[in-house]
Amino acid sequence: MRLVRTTSRGVVLRRQPNCLSARHDDGGSVGLLYRLEANLDYSVGSQLCGLCPHIVERFFPRPFRIGQEFGGREADEGANRPERGTQHVMRARRGARDPAQVAQNPKAVRHVEGYEVLFCNHNLVMVSLPHDGAIPRSPSVLLVRLDAVGDALTLVPVIAALRRHNLRIGAVLRPVNAGVFARRALDAIHVDGAQSDRDFVAQLRAQRYDAALIATEKHRGYELAQRAHVPRRIGFENGWGKPLKTLWIRRMCTRTVFRTAGLDANAPHECEVVFSLARALTGDFEPPRDARILRPLVIDDEPPADERVAFQVTDKWQRLGAPLSAVVEAAGRVMRTRRVRFVASTREHDYVQAFAQAANVPVESFDALEPWKNAIAAARALVAPDSGAAHVAGMVGTPVVSCFSREKFALQSRRWAPWAAAHRVVSMEAQWPLVAADALDDVLTGSAPFSYTG
């Protein structure tokens, strides 16, 4: 029997008959909730680095309940405290002996900014009904990501979850990252800057999006979602880490999700942080991490396999502190044991020319994202700095050796490691070219995937 709840706003939520799916027994489902709680516990405070905002953010809001008065409602922190106002994760009460019984409890229904959400493991279907009784249209979600290619790719697990729930998806992107997704991934792409501001906002309004997930730090992303008259706008706030910005964002959004403003060593992967925006719409506890699911959302046509290792030639090496001589040495060590294909962007002509001359190797430069993505997806493995190429490989399943600056290495490698592919992360300290070559051998032999190499 299905349970259906209809609200005055015309939203119907249906729960599938089996609350706890066959893949999860009762104990496993409860354990999943506890893992989620531990994963999102980073959200209050950050590592004590001697910075006043971090200290205030960590110690003041909870004991004095400042957050409730700060913006009129608390931010969603993954429902990791039972007393938080609006909760998105159903948790067993203390003393409840049967998790299945708790799942059936009518108190599992939470009111979320106009939606009635009924959680029952992963089985949630959301249907929007118009007031006039016409045939319902599919609920639609607008994703806003006005950032670089690597940042945009953190939306891939979100898109996979929304697709699984049959939601219509549009995205506001920039010209630099507008081609990063496969054509099948999104129903509409709105490129900011491609037309006048007035026409662009009118285009967004015409789509009549039901909700917007604003995953950008740029103020324009919040303004666009509001001006587009999207009724549900969910974005990030920083609490007392950035109080003025938080007040502004809470005015622009109908719902906020907390993320720390500091460099928190306990912060989860960026894909998990971004996915927290979608949890209120899908009910999924964890973002998908299977490259077989994510790969079709990044590349359109499956490229023929290439047995060569791709080596990214980019000035990002230099920006992360690696001199050209060290990058050339790393390439030479890889070429001793592997066939290598050097890939680059035409926008980095000067650095590419300098590298090609110093290493005495040909470099393929791409002027479009699609063939560049296909080269990475087809490669046997990729060696790259912390860049968009590493995140493409991480989503499509190409093994990666991702090299990070030694400054804040632990933090950055935790947040920006390749997501769904076997990988090694390397700190670019002394002798890092040798470490990177050894890490490539390890990742290709399949020993201890997802381990870290420093």
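The values are calculated or read from the model by the stated rules, or taken from the named source; none is laboratory data. Computed from a prediction, not measured in an experiment: that's the story for all the values here. We place every Cβ from the backbone using ideal geometry, glycine too, and count neighbours over all the protein chains shown. All accessible areas refer to the heavy atoms of the entire protein, side chains included, with ligands and DNA or RNA removed. Shrake-Rupley method; radii C 1.70, N 1.55, O 1.52, S 1.80 Å.
Net charge within 12 Å of Arg308 by Cβ-Cβ distance, Lys/Arg positive one each and Asp/Glu negative one each, not counting Arg308 itself?
+1
If we count every other residue with Cβ under 14 angstrom of Ser365's Cβ, Lys/Arg +1 and Asp/Glu -1, where does the sum land?
Local net charge: -3.
Pop out the carbon and sulfur fraction of the accessible area of region 211-352 as a percent, whole number, probe 1.4 Å.
Roughly 52 percent, rounded to a whole number.
Test of the criteria: in region 180-277, which trypsin sites (Lys or Arg not before Pro) are in a DSSP loop and have at most 14 other Cβ atoms within 10 angstrom of their Cβ?
Here the sparse-neighbourhood loop sites are Arg183, Arg184, Arg208.
Excluding ligands, DNA and RNA, what is the solvent-accessible area per residue of region 142-264 at a probe of 1.4 Å, expressed in Å²?
37 Å²
Lysines near Lys408 by alpha-carbon distance under 19 Å, same-chain residues fewer than 8 away left out - which ones?
Lys316
Of the options Asn177, Gly283, Ala261, report the single residue whose Cα projects farthest towards the positive end of the charge dipole of region 171-308 (beta-carbon charges: Lys, Arg +1; Asp, Glu -1).
Ala261
What does the charge count near Gly193 come to, summing +1 for each Lys or Arg and -1 for each Asp or Glu among other residues with Cβ under 11 Å from its Cβ?
Here the count lands on 0.
Between Thr346 and Asp187, what's the calculated FRET efficiency when r is the beta-carbon distance and R0 is 30 Å? Round to 0.05.
For R0 = 30 Å, the calculated efficiency reads 0.50.
Report the Stokes-Einstein translational diffusion coefficient (µm² s⁻¹, integer) for region 192-235, Rh taken as the Kirkwood radius over Cα pairs, at 10 °C with viscosity 1.306 mPa s.
For these conditions, the coefficient is 150 µm²/s.
Give me the distance between the Cα centres of region 249-263 and region 375-407, rounded to whole Å.
Here the answer is 30 Å between Cα centres.
Once you order the gyration tensor axes a ≥ b ≥ c over the Cα atoms, which shape class does region 148-188 get: rounded for a/c under 1.5, otherwise prolate or oblate by comparing a/b with b/c?
Note, shape of region 148-188 comes out prolate.
Roughly to the nearest percent, how much of the accessible area of region 365-454 is carbon and sulfur, given a 1.4 Å probe?
49 percent
Quick check: residue separation of Trp248 and Thr445 times 0.36 nm, minus the Cα distance between them. What number comes out in nm?
Full-extension gain reported as 65.9 nm.
Any idea what the relative contact order of region 221-322 is, in percent, if you count C-alpha pairs under 8 Å spaced at least 6 apart?
18 percent
Counting only heavy atoms of protein chains, what accessible area per residue, in Å², does region 292-433 have with a probe of 1.4 Å?
The answer is 42 Å² per residue.
Give the lysines whose C-alpha is closer than 18 Å to that of Lys218, dropping any in the same chain fewer than 8 places away, or say none.
Lys242, Lys245
Is the C-alpha gyration tensor of region 168-214 telling us rounded, prolate or oblate? Criteria: a/c under 1.5 is rounded; beyond that, a/b larger than b/c is prolate, otherwise oblate.
Oblate.
Evaluate the charge dipole of region 320-454 about its Cα centre and quote only its size in Debye, nearest 20, assuming +1 on the Cβ of each Lys and Arg and -1 on the Cβ of each Asp and Glu.
Dipole about the Cα centre, nearest 20: 280 debye.
Can you find, among Ala381, Ala421, Gln318, the residue farthest towards the positive end of the dipole of region 310-444? Put +1 on the C-beta of Lys and Arg, -1 on that of Asp and Glu.
Most positive-ward Cα: Ala421.
Taking the Cβ-Cβ separation of Glu286 and Ser196 as r and a Förster radius of 41 Å, what is the calculated FRET efficiency to the nearest 0.05?
According to the calculation, E is roughly 0.50.
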